[in-house]
Amino acid sequence: MRNKRKVVILALLVFITVFMLQSDDKELFMGENFGNALVKPNVIILMDSSGSMNTIVFYPKIGLDGIEGNADDGYDSYINYEGTMEGFDSGDIGYWSTDSTRWYARWISGTNAYEDNSWTGVYNKDGEDRLLCGSTGQANLEVGDWIINRNGTAVAQIKTKTDCTPVASECGAWLELENRVGTFPLGSSGDDNCLEIRSGAECRPVLLYGTLDHDHPVRYDHNYLKWIYLHATPAQREAVTHFSTYGTFDVTDFSVDIPSPCVTPGHDRILTRFTRIQVIREVACKIAEEALEIVQLGLFRFDQSFGGYLQEGLVDASEVASGLVDYKNKVYTIEGDAMTPLAEALADVWYYYRPGNNPAYWPVNMDTATTPVSNIDYYCQNNYAIILTDGESTMDEFSGDTRFDDSVFKAYNPKRNEPWNDWSDGWGDPDNNDVTEGMPTDYDPANSIYCPNWTCWKREISDGNDLHGTDYLDDVAYFMANSDLFPEESLPLGESKTVYPLYTD
């Protein structure tokens with residue numbers, strides 16, 4: 001068998017809001033049999049380590065039944081939901097973050113969601129389901145209303161209300177409770193143990209997940225919060241509350257303490273699936289566990305604002321005593337702290353598969369290219385890249401770092417229109433759009449089948465900052481799948497395949 005020769009075959013799997021990788025995907029990774037020898041394919045997993053991966057998993061757009069157009073359809077990120085939301089302000093960054101799982105409530109009046117404007121003390125208790133509130137509560141609370149602790153530790157509904165006389169701050173009304181979660185400690189109206197109330201509005205409490213992940217708080221999109229409080233049905237809000245405890249929107253599933261696929265000796269990890277990065281860790285560990293015997297694995301993450309970072313080089317983990325353990329532990333250390341240079345990171349995966357001279361990504365002048373040292377063992381190997389991501393590109397123009405200098409990705413533009421003759425004419429696949437600074441012009445986000453509703457990149461945000469996102473990811477993928485790894489030598493290429501990315505919620 002000839003050594004170190006083969007075109008890269010690329011598969012892109014884009015993160016979606018599923019809770020685990022359900023199917024057995026080993027058939028994706030095809031090895032080559034030569035007599036009694038199996039040439040294992042190389043599989044590099046590129047994990048999205050951007051800050052947006054700390055975003056909570058959204059209630060599914062297609063509802064729990066999985067059928068679009070039914071009554072239980074949920075959150076659609078393409079819709080700008082109407083109404084105003086008070087109390088989840090994070091400036092102009094578009095999301096609110098929290099580092100504690102607790103009950104949050106908004107008081108709804110028409111299409112507006114307000115914070116509380118009054119509170120009442122819990123001055124006495126007769127068991128946990130009978131509270132004595134103050135005069136403010138007597139005046140403003142009614143049977144059927146929800147009450148919530150100011151510190152978010154308890155919530156309940158008022159079953160009966162009995163006035164207490166004489167009226168005083170310590171003697172307002174006895175409240176009999178039902179549907180209580182948590183307990184209401186005694187406290188005056190000036191501390192965190194008092195009850196939040198608002199006159200003339202409906203209280204909608206929801207338990208929101210907020211546990212820190214590698215010291216990063218959980219993100220909630222402002223539009224998603226508007227959907228939860230102003231547009232979701234009571235059943236959907238119940239499902240969101242259930243999700244915050246059990247990591248599933250199925251309110252019949254009370255599974256807890258499920259071992260994670262990322263469990264290793266000394267690390268009894270529990271399945272976590274609340275945020276995007278938690279989900280992709282579970283998926284990456286599951287892929288490694290199931291494909292251990294049939295592939296060689298490598299691991300990349302984003303290198304902050306520029307390209308990709310090699311977390312773990314290609315290794316046959318089945319032949320190394322601690323191979324799978326080391327791989328899973330490195331998966332688990334990846335955190336959401338970077339931008340989203342998707343195309344640049346994929347180009348770094350390409351460089352790992354096919355290094356050249358210096359500068360090395362893909363020499364513009366192939367006449368001066370030297371024979372590189374590659375991480376590919378045989379020309380007949382299949383080579384894959386799997387991207388686990390939430391999709392939207394930032395800092396991704398091949399312009400911010402010198403390591404891309406003199407590469408085809410920086411020296412030439414991605415191809416936009418046919419016909420073309422060779423890679424120096426442009427790299428990638430023809431998108432049939434003109435381009436301005438990495439973003440197609442004449443782009444209709446509502447009707448385009450190509451990256452609809454800006455799902456491939458982020459550009460201007462509300463405070464005027466340009467995030468430099470592009471739609472170059474599929475161009476790099478096309479280039480990789482249609483390029484000879486070693487064009488300076490005459491060797492068989494084998495079959496080249498490409499699976500393009502699918503962007504979804």
Taking protein heavy atoms only, a 1.4 Å probe, and rounding to whole percent, the accessible area of the stretch 88-183 owed to carbon and sulfur comes out at 42 percent
Rounded to 0.05, the calculated FRET efficiency for the beta carbons of ILE93 and SER118 at R₀ = 30 Å is 0.50
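With the contact rule set at Cα under 8 Å and sequence spacing of 6 or more, what percent relative contact order holds for the stretch 241-298?
Details: 49 pairs, mean separation 13.9, N = 58.
Once normalised by length, the contact order is 24 percent.
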The extension gain from ALA446 to GLN157, computed as 0.36 nm times the residue separation minus the Cα-Cα distance, is 99.8 nm
Expected sort for 296-307, 153-164 on mean C-beta neighbours within 10 Å, highest first, is 296-307, 153-164
Checking rank on 145-152, 43-50, 127-134, with mean other Cβ inside 10 Å and highest first, the result is 43-50, 145-152, 127-134
Rounded to the nearest Å, the spacing of the alpha-carbon centers of the stretch 39-55 and the stretch 129-180 is 51 Å
The pairs in LYS61/LYS458; LYS328/LYS415; LYS226/LYS458 lying past 27 Å Cα-Cα in this model are LYS328/LYS415
Taking a probe of 1.4 Å and leaving out DNA, RNA and ligands, the stretch 59-143 shows per residue an accessible area in Å² of 51 Å²
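Taking the Cβ of THR84 as the centre, find all other residues whose Cβ is under 14 Å away and add up their charges (Lys, Arg: +1; Asp, Glu: -1). Working shown, then result.
On the way: positive: ARG106, LYS226; negative: GLU82, GLU86, ASP89, GLU115.
Residues close to THR84 contribute a combined charge of -2.
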Taking r as the C-beta separation of GLU86 and LEU292 and R0 as 35 Å, the FRET efficiency to the nearest 0.05 is 0.10
Quick shape check on the stretch 206-333: root eigenvalues a ≥ b ≥ c of the Cα gyration tensor, a/c under 1.5 is rounded, otherwise prolate if a/b tops b/c, else oblate, and it reads prolate
Of the accessible area of the stretch 194-312, computed with a 1.4 Å probe and all protein chains kept, carbon and sulfur make up a percent value of 49 percent
So, relative contact order of the stretch 59-100 in percent, Cα under 8 Å, 6 or more apart, is 24 percent
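The values are calculated or read from the model by the stated rules, or taken from the named source; none is laboratory data. Please read these numbers as outputs of a predicted model, since none were measured by experiment. Reconstructed Cβ throughout: ideal geometry from the backbone, glycine too, with neighbour counts over all protein chains shown. For accessibility, only protein heavy atoms count, side chains too; no ligands or nucleic acids. Shrake-Rupley method; radii C 1.70, N 1.55, O 1.52, S 1.80 Å.
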